[in-house]
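Asker: Got a structure for you, questions after.
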Amino acid sequence: MSGNTFGHLFCVTSFGESHGPAYGGIVDGCPPGLELAEADIQRELDRRKPGTSRHVTQRRESDRIEILSGVFQGRTTGTSIGFLIRNEDARSKDYAAIVASFRPGHGDYTYWQKYGIRDHRGGGRASARETMIRVAAGAIAKKWLREKHGVEVRGYMSQVGPHRIELKSWDEVHRNPFFAPDAEVVPTLEAYLDELRSAGDSCGARVTVIASGVPVGWGEPVYGRLDSDIAGAMMGINAVKGVEIGAGFASVEQRGSQHGDELTPEGFLSNNAGGVLAGISTGQDIVVSIALKPTSSIRIPRRSINTSGEPVTVQTTGRHDPCVGIRATPIAEAMLACVLIDHALRHAAQCAGVRTATPKIRGRAR
């Protein structure tokens, strides 16, 4: 299987399966001298790990990271950073019923047709558990971006099923299991998720990620567009079926007089572009939203086929998230951070010495 590495200068490679002994990752291209400890990464992993509330899978994993290389005396050396996260609570018997059948909406069918062999235990390589490697790599990227450029990457849940959530307070994001930025909506979300779990069904979600402090100039204007790489990274997250940058699909209904972000000496007057123009960062906040589909492993019986092509009924038991989007916020943050550090390094390689007389404006005029 190819396609296990992403990035150009800041490259991340992952390996492992949901019910194998461990997941592992290699980060190649991290600049030397960054102060880094396992605790820096563990904080992010703890935000993503299962079993943190009744609304997510009850698989009990510590997701404890072990750094194996690339860090000496508390600082990155510039060599590849290798790390390992062991699986501790796999329960493979829960998947015995789908050894020879395919879950609707899951990668079971496509994996089988492509490779002729499939690890049915927890989805194998297709499991969203793989995303903890991205979160670990993203923790490194987030710390470097913050220390070297003052860039902050943070996200929140902006919709669960039919329930839209307004950004009222960043502080609230860390105080509830939904990463919701509005405390008042939490009881509604809890009731909705309890109802879904009782019915054996699932729902989709929307997550919004914002990177603040990104300098103007990151990204390439043609094949290495910043927005293109962001979109590709976000679509690479399990269950993501849609990506918006800035106004996104709302721009279809906008007029040019409304959509174009006017410039003043004090700053941009709006940010419909989501912080990227012509594939290059504008210096405004980079705003990205992703749509995650409903969890495909549900208890409700559904029609499918087996490996012989015969009709069967599939009913999935075991421990599953009724909404995979609940734990997706730190994953989306990580992918955005990895793209940004990659472009920061690419920009430095070619354009570090470029200077213009035009003042750099940032953000939105108040």
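Residue-wise test of (1) under 23 Å from L292 (Cβ atoms); (2) assigned to a helix (DSSP H, G or I).
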| position | (1), (2) |
| --- | --- |
| D63 | yes, no |
| G78 | no, no |
| D89 | no, no |
| I117 | no, no |
| G123 | yes, yes |
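Asker: Which of the residues that make up the stretch 5-48 are in a loop (DSSP other than H, G, I, E, B), modelled with pLDDT under 95 and exposed (fewer than 15 other Cβ atoms within 10 Å of the Cβ)?
Answerer: P21
Asker: When you go through (1) assigned to a helix (DSSP H, G or I); (2) surrounded by fewer than 19 Cβ atoms within 10 Å (Cβ to Cβ) one by one for R303, which number turns out not to apply?
Answerer: (1)
Asker: Now, a different point. Tell me, yes or no, whether the stretch 187-202 has at least one residue that is part of a loop (DSSP other than H, G, I, E, B) and touching a strand residue (DSSP E or B) at 6+ places or on another chain (Cβ under 9 Å).
Answerer: no
Asker: Kindly check whether there is at least one residue in the stretch 346-354 that is buried (at least 17 other Cβ atoms within 10 Å of the Cβ), under 30 Å from S228 (Cβ atoms) and of a type outside the set (S, T, Y).
Answerer: For the stretch 346-354, residues buried (at least 17 other Cβ atoms within 10 Å of the Cβ), under 30 Å from S228 (Cβ atoms) and of a type outside the set (S, T, Y): present.
Asker: What number of residues within the stretch 192-236 satisfy the criterion of being among the hydrophobic types (A, V, I, L, M, F, W, C), over 22 Å from A128 (Cβ atoms) and modelled with pLDDT of 95 or more?
Answerer: At the first step, the residues of the stretch 192-236 found to be among the hydrophobic types (A, V, I, L, M, F, W, C) are 193, 196, 199, 203, 205, 207, 209-211, 214, 216, 218, 222, 226, 230-231, 233-235.
If we keep only those that are over 22 Å from A128 (Cβ atoms) too, we end up with 210-211, 214, 216, 218, 222, 226.
Remaining after also requiring modelled with pLDDT of 95 or more: 210-211, 214, 216, 218, 226.
Total satisfying the criteria: 6.
Asker: Let me ask something else about it. Quick one: E244 ticks every box in (1) farther than 30 Å from A348 by Cα; (2) surrounded by 19 or more Cβ atoms within 10 Å (Cβ to Cβ); (3) free of Cβ contacts under 8 Å to residues at least 60 places away in the same chain; (4) not aromatic (F, W, Y) except a single one, so which number is it?
Answerer: The one condition E244 does not meet is (1).
Asker: Looking at A137, A96, which is the one that is in a helix (DSSP H, G or I), surrounded by 19 or more Cβ atoms within 10 Å (Cβ to Cβ) and aliphatic (A, V, I, L, M)?
Answerer: The conditions single out A137.
Asker: Would you say G219 is on the phi > 0 side of the Ramachandran plot, touching a residue at least 24 places away in the same chain (Cβ under 8 Å) and not in a strand (DSSP E or B)?
Answerer: Details: on the phi > 0 side of the Ramachandran plot: yes; touching a residue at least 24 places away in the same chain (Cβ under 8 Å): yes; not in a strand (DSSP E or B): yes.
Taking the combined requirement at face value, the residue satisfies it.
Asker: Residue check: is E172 out of contact with any Lys or Arg (no Cβ under 8 Å at 6 or more places or on another chain), acidic (D, E) and either free of Cβ contacts under 8 Å to residues at least 40 places away in the same chain or part of a helix (DSSP H, G or I) (or both)?
Answerer: When the stated conditions are applied, E172 passes them.
Asker: Out of A180, A211, A239, which single residue is over 30 Å from R299 (Cα atoms) and within 23 Å of the chain's Cα centre (by Cα)?
Answerer: On inspection, the qualifying residue turns out to be A211.
Asker: Something else now. Given (1) part of a loop (DSSP other than H, G, I, E, B); (2) under 26 Å from M235 (Cβ atoms); (3) of a type in the set (A, V, I, L, M); (4) touching a residue at least 60 places away in the same chain (Cβ under 8 Å), where does A334 come up short, assuming only one miss?
Answerer: In the conditions (1) part of a loop (DSSP other than H, G, I, E, B); (2) under 26 Å from M235 (Cβ atoms); (3) of a type in the set (A, V, I, L, M); (4) touching a residue at least 60 places away in the same chain (Cβ under 8 Å), A334 misses (1) alone.
Asker: If a residue must be closer than 22 Å to P177 by Cβ and modelled with pLDDT under 75, how many such residues does the stretch 49-90 contain?
Answerer: Qualifying residue count, the stretch 49-90: 12.
Asker: Restricting to the stretch 110-122, give me the number of residues that are touching a residue at least 24 places away in the same chain (Cβ under 8 Å) and surrounded by 14 or more Cβ atoms within 10 Å (Cβ to Cβ).
Answerer: 5
Asker: When you look at V135, is it within 30 Å of C11 (Cβ to Cβ) and in contact with a strand residue (DSSP E or B) (Cβ under 6 Å, 6 or more places away or on another chain), yes or no?
Answerer: For V135, the condition - within 30 Å of C11 (Cβ to Cβ) and in contact with a strand residue (DSSP E or B) (Cβ under 6 Å, 6 or more places away or on another chain) - is not met.
Asker: A follow-up question, please. So, of the residues in the stretch 254-286 that are touching a residue at least 24 places away in the same chain (Cβ under 8 Å) and assigned to a strand (DSSP E or B), which turns out to be farthest from the chain's Cα centre (by Cα)?
Answerer: Residue satisfying both the conditions and the ranking: T264.
Asker: Before we move on, is I230 surrounded by 19 or more Cβ atoms within 10 Å (Cβ to Cβ), in contact with a strand residue (DSSP E or B) (Cβ under 7 Å, 6 or more places away or on another chain), in contact (Cβ under 8 Å) with a residue 40 or more places away in the chain and assigned to a helix (DSSP H, G or I)?
Answerer: yes
Asker: Kindly establish whether E262 is surrounded by fewer than 17 Cβ atoms within 10 Å (Cβ to Cβ), among the acidic types (D, E) and at pLDDT 90 or above.
Answerer: Taking the combined requirement at face value, the residue satisfies it.
The values are calculated or read from the model by the stated rules, or taken from the named source; none is laboratory data. For clarity, every value in this text was computed on a predicted model and none was experimentally measured. No Cβ is skipped: glycine too gets one built from the backbone with ideal geometry, and neighbour counts run over all protein chains shown.
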